[in-house]
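> Mind looking over this structure? Questions follow.
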């Protein structure tokens, strides 16, 4: 039986695999499926070992997922509110119109902080409608990136691939710095920061700013120089 943390990480792994966007190489899909099935069968796998596996494959699919999400956000911005108004009941639509007149906007509906504005029945309808809209818009995006948006999608995959390659260079420089540094506390901070970066690009943790990644090496050099100055 898996530890709850490992089970949670397995659930993330499965969710990523089940929702891979188009054009992810078939070899990557097969390998991810095999690794997931092996992890499910190996009841002794700890969360650290599983995270290491996910980091490898998370990085490989990251450019595709980011490219897909970028195009999805465009369709969501262009179509979601229009579809909402077409599908919402007259009561919910009128309440939403009043909500906008008081300063709200469509994006606020996803925040989960406006529940008190709508009644119970309206909230039930709203929640179901937003879920259906997301599913339909993702299906629409999936079809679009395989047809009229394919060239744009492929360009974005390349762009994010280049960005990830740049990030990997920063990763490597930080790893080398951690390996040669003489200050234990700073070494631990670097490795902790590296792990946070890896979690970010493998969907295991919150997003980390790429500016933060780019500036991390100089930041830690500054800390080392500060210690030398004090000594």
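> Is it the case that residue 43 is more than 21 Å from the chain's Cα centre (by Cα), at positive phi and loosely packed, with under 11 Cβ neighbours inside 10 Å? Steps first, please.
Values: more than 21 Å from the chain's Cα centre (by Cα): yes; at positive phi: no; loosely packed, with under 11 Cβ neighbours inside 10 Å: yes.
Taking the combined requirement at face value, the residue does not satisfy it.
> If residue 178 passes every condition in (1) within 30 Å of residue 5 (Cα to Cα); (2) under 25 Å from the mean Cα position of the chain (by Cα); (3) touching a residue at least 12 places away in the same chain (Cβ under 8 Å) but one, which one does it miss?
With (1) within 30 Å of residue 5 (Cα to Cα); (2) under 25 Å from the mean Cα position of the chain (by Cα); (3) touching a residue at least 12 places away in the same chain (Cβ under 8 Å) applied to residue 178, the lone miss is (2).
> Do we find that residue 218 is more than 22 Å from residue 51 (Cα to Cα) and surrounded by fewer than 13 Cβ atoms within 10 Å (Cβ to Cβ) in this structure?
When the stated conditions are applied, residue 218 passes them.
> While we're here: For segment 216-231, what are the residues that are touching a helix residue (DSSP H, G or I) at 6+ places or on another chain (Cβ under 9 Å) and modelled with pLDDT of 85 or more?
Keep residues of segment 216-231 that are touching a helix residue (DSSP H, G or I) at 6+ places or on another chain (Cβ under 9 Å), which gives 216-217, 219-221, 223-224, 227.
Result: 216, 217, 219, 220, 221, 223.
> Mind listing just one residue for me: the one in segment 94-122 that is surrounded by 14 or more Cβ atoms within 10 Å (Cβ to Cβ) and closer than 30 Å to residue 70 by Cβ and, of those, modelled with the lowest pLDDT?
Checked segment 94-122; the qualifying residue modelled with the lowest pLDDT is 114.
> Then there's this: Residues of segment 14-28 being in contact with a helix residue (DSSP H, G or I) (Cβ under 8 Å, 6 or more places away or on another chain) and either free of Cβ contacts under 8 Å to residues at least 40 places away in the same chain or closer than 11 Å to residue 57 by Cβ (or both), which ones?
Passing the criteria: 14, 16, 17, 20, 24, 28.
Here is a yes/no grid of residues against (1) within 23 Å of residue 20 (Cβ to Cβ); (2) surrounded by 14 or more Cβ atoms within 10 Å (Cβ to Cβ); (3) in contact with a helix residue (DSSP H, G or I) (Cβ under 9 Å, 6 or more places away or on another chain):
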residue	(1), (2), (3)
151	yes, no, no
155	yes, no, yes
173	no, no, yes
184	no, no, no
192	no, no, no
199	yes, yes, yes
203	yes, yes, yes
207	yes, no, yes
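The values are calculated or read from the model by the stated rules, or taken from the named source; none is laboratory data. All figures in this text were calculated on a predicted structure; none of them were measured in a lab. Backbone-built Cβ (ideal geometry, glycine too); neighbour counts: all protein chains shown.
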